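The values are calculated or read from the model by the stated rules, or taken from the named source; none is laboratory data. Since the structure is predicted, the reported quantities are computational estimates derived from the model, not experimental observations. Cβ: placed from backbone, ideal geometry, glycine included. Neighbour counts: every protein chain shown.
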Amino acid sequence: MDEKIKIAIHYTNNMPDFSWGYKWKEELLKRGVDVKEVNFFDSNIMEQIKDCDGVMWHWFHSPEYKFVALKTLPNIELNLNIPVFPDLNSCWHYDEKVAQHYLLNSINAPRIPSWVFYNYDEAINFIENATYPLVFKLSLGAGSANVLKIDNKIEAKKMVDKMFKTGIYPYTLNDYKSNKNVKQKITEMIRYIKNDEYPEPPTWHYMLQKDYVYFQKFIPNNDHDIRVTIIGNRAFAFIRYNRDNDFRASGSGKIDYDKNKIPIEAIKVAFEVSKKCKFQSMAYDFMLDENNNVLINEITYCYSGEAVGKCSGYWDNNLNWHEKQMRPEEAQIEDFLEKIKECRKGRSMF
């Protein structure tokens, strides 16, 4: 009889209702797997997980999660040789568009042209000769946050100046602009000058973004994007229509599940990239250019499981359609348990 599997899951009482931890736990218990609830913010977390066969933490894009997750999970995977979800291949670039820029370029993936500059003069030279509109993005941000359409050279220079001089706090642009009035801002400025007292950071603040600028080509005449989610050998897909009077689709909630509207090329590209990069699970945002070519906009291992679970079925990696609903956490657990079993077999050979 096979030895029982034990998996550690980041699981705390203040986890949000939509947290994957709850759903993973349910799936694992159904399969007779032991679940060890852990908190990755405990100082002895490495000792807690050493008796486990696998570790799972669906960490989000808050600064404290990013700080801890990228220091603990890779160490568990690479040095303790314990399978983790998400693994390093799947998450090192999460919520970092600049990292995705280099990743997608390095594998020659079909993607929307983008440019990153770390030198002020180079950035100024670029905007002098650029074709407008452009899209400006901070490296991090979800749900269309920190994304602006730049209509001309004057607007572009304003963003370049900000990024190379004062910097920008994430979630203080577009939908998240500060609601402080002029009097509050002047009062904070006086306190800073007289008492060296820093203003209260904006809500949802992250580390100040500074000394780089990221531009992306604006793709015209798009009223939607195409979300393809790859989990192992399964591809789930749907259309997301833009927000009202906006060029952005992410976070709109306007979803169309008609599979006949999904370009099969998007499914094919998503499978190819996931295979090449060895992603466990990855959501791709595609757009169509002027010639109807599918281009990757962004990628993320972290996505809405509820939206994926409402798909009527999925494509396999041979592009065959399966009319079968499947919750993403079920698919992830299925694949993760297979990974653990493979690791056990490998160890038993030595």
- Query: So, of the residues in region 38-47 that are closer than 19 Å to E64 by Cβ and not hydrophobic (A, V, I, L, M, F, W, C), which turns out to be nearest to the chain's Cα centre (by Cα)?
  - Reply: N39
- Item | Residue, nearest to the chain's Cα centre (by Cα), within region 1-30, restricted to residues that are modelled with pLDDT of 90 or more and β-branched (V, I, T) | I9
- Message: For the list (1) in contact with a strand residue (DSSP E or B) (Cβ under 9 Å, 6 or more places away or on another chain); (2) at pLDDT below 95; (3) not hydroxyl-bearing (S, T, Y), I need the number of the one condition that K217 fails.
- Response: (2)
- Query: Among A235, A249, A266, A270, which is in contact with a strand residue (DSSP E or B) (Cβ under 6 Å, 6 or more places away or on another chain), modelled with pLDDT under 90 and either part of a helix (DSSP H, G or I) or not assigned by TED's automatic domain parsing to the domain that holds G21 (or both)?
  - Reply: A249
- Item | Pair list, Cβ < 6 Å and 6+ apart or interchain, from region 50-68 residues that are within 28 Å of S139 (Cα to Cα) to residues that are among the hydroxyl-bearing types (S, T, Y) | W59/Y65; P63/Y206
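Return the only residue of V98, V33 being under 16 Å from the mean Cα position of the chain (by Cα) and in contact (Cβ under 8 Å) with a residue 40 or more places away in the chain. Outline the logic, then answer.
On the way: V33 fails: under 16 Å from the mean Cα position of the chain (by Cα).
Exactly one residue qualifies, and that residue is V98.
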- For region 47-123, please list each of the helices (runs of 4 or more DSSP H) lying entirely inside it that holds at least 3 residues being not hydrophobic (A, V, I, L, M, F, W, C). 63-78, 97-106
- Message: Looking at M326, M282, can you tell me which residue is surrounded by 22 or more Cβ atoms within 10 Å (Cβ to Cβ), closer than 30 Å to I82 by Cβ, modelled with pLDDT of 95 or more and among the aliphatic types (A, V, I, L, M)?
- Response: M282
- Message: Given the options K50, K4, K30, name the one that is among the basic types (K, R) and either touching a helix residue (DSSP H, G or I) at 6+ places or on another chain (Cβ under 6 Å) or closer than 23 Å to P328 by Cβ (or both).
- Response: K30
- Checked against (1) more than 20 Å from the chain's Cα centre (by Cα); (2) at negative phi; (3) surrounded by fewer than 16 Cβ atoms within 10 Å (Cβ to Cβ), L319 satisfies every condition except (2)
- Item | Residue tally, condition more than 12 Å from D95 (Cβ to Cβ) and surrounded by 15 or more Cβ atoms within 10 Å (Cβ to Cβ), over region 48-80 | 15
- Filter pass, R240 being under 23 Å from I112 (Cα atoms), of a type in the set (K, R) and touching a strand residue (DSSP E or B) at 6+ places or on another chain (Cβ under 9 Å): yes
- Message: I'd like to know if region 324-334 contains one or more residues that are over 20 Å from the mean Cα position of the chain (by Cα), under 29 Å from I219 (Cα atoms) and in a loop (DSSP other than H, G, I, E, B).
- Response: no
- Residue that is surrounded by 17 or more Cβ atoms within 10 Å (Cβ to Cβ), at pLDDT below 95 and of a type in the set (D, E), where the choices are D196, D225, D175: D225
- Message: Being more than 14 Å from E329 (Cβ to Cβ) and of a type outside the set (A, V, I, L, M) narrows it down to one residue among S312, S304, S281; which is it?
- Response: S312
- Query: Out of Y212, Y169, which single residue is touching a His at 6+ places or on another chain (Cβ under 8 Å) and at pLDDT 85 or above?
  - Reply: Y169
- Message: Could you go through region 295-304 and let me know if any residue there is among the polar types (S, T, N, Q) and within 25 Å of G32 (Cβ to Cβ).
- Response: no
